[in-house]
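Colleague: A single structure is presented below for examination.
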Amino acid sequence: MVAYSFNKRFADRIVAGLELGPLLPGMKRQTIRAPRKRHARPGEELQLYVGMRTLSCRLLGRAICAACVPVTLLLGCQPSVIVGKEDGGLAQIVTDTPGLNQFAHYDGFGDWADLCGFWADAHPDLTEFRGVLIRWEPRP
């Protein structure tokens, strides 16, 4: 089991996304994370928290990892999202405004500008991020 902690602004969207059924607006079923020694693997159970390692820690719920793939965010003047294999395998590249907004919605943001603002606040001067995209599905 792998645990992930989230900013409280995402709590309602994560809880909504833990409901069985299709992914609908207002639901969050993915997260972008920096590389680390071990991330979730498809099929593993995830524990989703707000405020982990604080007195206000709260378990939002449990889900099943659906995917863990490389992701690159280009946040500068030519924004794009690249989801897929870094070894030259198939990748999905999103560069158009509707696609960027949809990606941002899936990640719990209002739109691409909201996502970029969040990243700018958390990581000033960052214009390129390489990490992993973890997607999950509700537990049956």
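Colleague: Could you put GLU44, GLU128, GLU19 in order of accessible surface area, largest first, with the 1.4 Å probe and the full protein assembly present?
Modeller: The ranking, largest first, comes out as GLU19, GLU128, GLU44.
Colleague: At R0 = 22 Å, how high is the FRET efficiency between ASN7 and LYS37 if r is their beta carbon distance? Nearest 0.05 is fine.
Modeller: Efficiency, from the Cβ-Cβ distance: 0.45.
Colleague: Among LEU55, HIS123, LEU23, whose Cα lies farthest out toward the positive end of the dipole of the chain, if unit charges sit on the beta carbon of Lys, Arg (+1) and Asp, Glu (-1)?
Modeller: LEU55
Colleague: ILE82 versus ALA113, label points 7 Å from Cα toward the beta carbon: distance in nm?
Modeller: 2.7 nm
Colleague: Please work out the Cα center distance from region 124-140 to region 1-42, rounded to the nearest Å.
Modeller: Each part reduced to its Cα centre gives a spacing of 9 Å.
Colleague: Here's something else I'd like to know. Need one number: nm distance between label points at THR95 and LEU23, each 7 Å from Cα along Cα→Cβ, rounded to one decimal.
Modeller: About 2.3 nm, to one decimal.
Colleague: Contact order normalised by length for region 1-43, with contacts defined as Cα pairs under 8 Å and 6 or more residues apart; what percent is it?
Modeller: Relative contact order for region 1-43 comes out at 35 percent.
Colleague: Using protein chains only and a probe of 1.4 angstrom, how many square angstrom of ASP96 are accessible, to the nearest 10?
Modeller: 80 Å²
Colleague: Taking only C-alpha pairs under 8 Å that are 6+ residues apart, what is the relative contact order of the chain in percent?
Modeller: For the chain, the relative contact order is 31 percent.
Colleague: In debye, nearest 20: dipole of the chain around its Cα centre with unit charges on the Cβ of K, R (+) and D, E (-)?
Modeller: In debye, rounded to 20, the chain gives about 680.
Colleague: What FRET efficiency do you get for HIS123 and ARG62 if R0 is 30 Å and r is their Cβ-Cβ distance, rounded to the nearest 0.05?
Modeller: Working from the Cβ atoms, E equals 0.55.
Colleague: Compute the helix-to-body angle for 112-122: its Cα long axis versus the longest principal axis of the chain, expressed 0 to 90° and rounded to tens.
Modeller: Approximately 80 degrees, to the nearest 10.
Colleague: A further question on this structure: Roll a 1.4 angstrom probe over the protein heavy atoms and tell me the percent of accessible area of region 1-94 that is carbon or sulfur.
Modeller: It is 55 percent, rounded to a whole number.
The values are calculated or read from the model by the stated rules, or taken from the named source; none is laboratory data. As the structure is a prediction and not an experimental result, all values here were calculated from the model. Because the Cβ atoms are built from the backbone with ideal geometry, glycine has one as well, and the counts that use them run over all protein chains shown. Surface areas here come from the heavy atoms of the whole protein model, side chains and all, with no ligands, DNA or RNA. Shrake-Rupley method; radii C 1.70, N 1.55, O 1.52, S 1.80 Å.
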